[in-house]
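Right, one structure below, let's go through it.
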Amino acid sequence: MLSSRLDNTIRILNWLAAIMILVCLALIFFYAPTERTMGNVQRVFYFHVGSAWTASVAFFVALMSGIIYLIRPRKFWDMTALASVEIGLVLISMTIVGGSVWGRPAWNTWWVWSPRLTSVTVLWLVYAAYFMLRGAIEDPERRGRFSAVYAIASFVTVIITYYSIRLLRDIHPALIGAGDGAMGEQELTGKMVFTMLFSFISFSVLYAAWMLNRVRLEMLSDHAQAMKLRLIARLRG
Amino acid sequence: MLLAQVDPNVTTPYLLLGYVVISVIALIYVLILVNKQRNLKQDIELMSQLLEEDKEAGGG
């Protein structure tokens, strides 16, 4: 049964995430300086990178949950992996769309099939297919095992996406440790770095809030399913 | 990357569009979660009632 302590924790985390995102927006629009070459649109950077970073964390959590599930097949780890992939997919969608809007004035195009953008598209498709895989398997234990293996293998797309701008020439800028192939490295002032770090933390709290909400939803769903079976048994019996 | 000096306000519409679409995606996801939770809680409440009624009918 779901505890009221969990509900209270989720409620507090929801409020904390909402407040932190609002403070982050205030920092983005009123504290961070305007970037000199791209103008105001560069402020999309803070949510673009924040969501990308948190999506990577989410997919890593899914990978770890998958590994743990294969070692100890408990439903909780399957739920965690499912929730994490789902949230990761939402976050990476935010990254892609935000980046596209930013790209229009910066690169004079909404989209370009550069290594980074191509690899992140592949990443999105691979993780979207995770849900198709789950939908195709009825047996819960088998579904958990296959999903776990898939979540582990899928993480390679995150690694490829991260290194794509460091190994190949790309119009997409590198934030950290630009390789020879990157056409430009972001130069950030102190205020920009602070805002970026605050964005990372805000998105991490948001991820934690969404995770707890999503896992609770799975637990509720399980509870409803169990009640359904009891009801059917009673009505038959 | 194009490195041209621009009037910062020229790109402001894209800034706003960017945050609007990001927010819409997040909002849609939150609404989906809220809706699913509400439906599940309603289902659980209904089934609890039915189980209770069936229990009383069985005892009576």
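The values are calculated or read from the model by the stated rules, or taken from the named source; none is laboratory data. Bear in mind that the values here come from a model prediction, so they are computed numbers and not experimental data. Backbone-built Cβ (ideal geometry, glycine too); neighbour counts: all protein chains shown.
Select from the stretch A:18-48 the residues that are aliphatic (A, V, I, L, M) and either within 12 Å of chain B (Cβ to nearest Cβ) or farther than 28 Å from A:ALA81 by Cα (or both) and list them in ascending order. Explain how you work it out, then say what you get.
Filtering the stretch A:18-48 down to residues aliphatic (A, V, I, L, M) leaves A:18-23, A:25-28, A:32, A:38, A:41, A:44.
Across the stretch A:18-48, the qualifying residues are A:ALA18, A:ILE21, A:LEU22, A:VAL23, A:LEU25, A:ALA26, A:LEU27, A:ILE28, A:ALA32, A:MET38, A:VAL41, A:VAL44.
Here A:SER51, A:SER56 are screened, and the one residue that is within 14 Å of another protein chain (Cβ to nearest Cβ), more than 20 Å from A:ARG142 (Cβ to Cβ) and in contact (Cβ under 8 Å) with a residue 60 or more places away in the chain is A:SER51.
For (1) surrounded by 20 or more Cβ atoms within 10 Å (Cβ to Cβ); (2) polar (S, T, N, Q), each residue gets a yes or a no:
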site: A:LEU188; (1), (2): no, no
site: A:MET196; (1), (2): yes, no
site: A:SER199; (1), (2): yes, yes
site: A:SER202; (1), (2): yes, yes
site: A:ALA208; (1), (2): no, no
site: A:LEU212; (1), (2): no, no
site: A:VAL215; (1), (2): no, no
site: A:HIS223; (1), (2): no, no
site: A:ARG234; (1), (2): no, no
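Looking across the stretch A:113-164, not a single residue is in contact with a Gly (Cβ under 7 Å, 6 or more places away or on another chain) and at pLDDT below 95. Please determine, by comparing only the residues of the stretch B:19-60 that are more than 30 Å from A:LEU91 (Cβ to Cβ) and of a type in the set (S, T, N, Q), which one is nearest to the other protein chains (Cβ to nearest Cβ). In this case the residue turns out to be B:SER48. With respect to A:VAL193, determine if the residue is out of contact with any strand residue (DSSP E or B) (no Cβ under 7 Å at 6 or more places or on another chain), β-branched (Val, Ile, Thr), within 30 Å of A:PRO33 (Cα to Cα) and at pLDDT 90 or above. Spelling it out, A:VAL193 is indeed out of contact with any strand residue (DSSP E or B) (no Cβ under 7 Å at 6 or more places or on another chain), β-branched (Val, Ile, Thr), within 30 Å of A:PRO33 (Cα to Cα) and at pLDDT 90 or above. Within this structure, A:TRP111 passes the test of being outside any helix (DSSP H, G or I) and within 22 Å of the chain's Cα centre (by Cα).
Give the stretch A:43-83 a look and list any residue that's more than 19 Å from the chain's Cα centre (by Cα), assigned to a helix (DSSP H, G or I) and surrounded by fewer than 24 Cβ atoms within 10 Å (Cβ to Cβ), or say none.
A:ILE68, A:LEU70, A:ILE71, A:LYS75, A:PHE76 - these are the residues of the stretch A:43-83 that are more than 19 Å from the chain's Cα centre (by Cα), assigned to a helix (DSSP H, G or I) and surrounded by fewer than 24 Cβ atoms within 10 Å (Cβ to Cβ).
Of the set (1) modelled with pLDDT of 85 or more; (2) closer than 27 Å to A:PHE203 by Cα, all apply to B:PRO8 but (1).
In the stretch A:29-38, is there at least one residue being part of a helix (DSSP H, G or I), in contact (Cβ under 8 Å) with a residue 12 or more places away in the chain and over 23 Å from the mean Cα position of the chain (by Cα)? Break it down stepwise before answering.
Taking the stretch A:29-38 as the starting set, the residues that turn out to be part of a helix (DSSP H, G or I) are A:29-31.
So of that shortlist, the ones also in contact (Cβ under 8 Å) with a residue 12 or more places away in the chain come out as A:29, A:31.
Now drop any that are not over 23 Å from the mean Cα position of the chain (by Cα), which leaves A:29, A:31.
Looking through the stretch A:29-38, at least one residue is part of a helix (DSSP H, G or I), in contact (Cβ under 8 Å) with a residue 12 or more places away in the chain and over 23 Å from the mean Cα position of the chain (by Cα).
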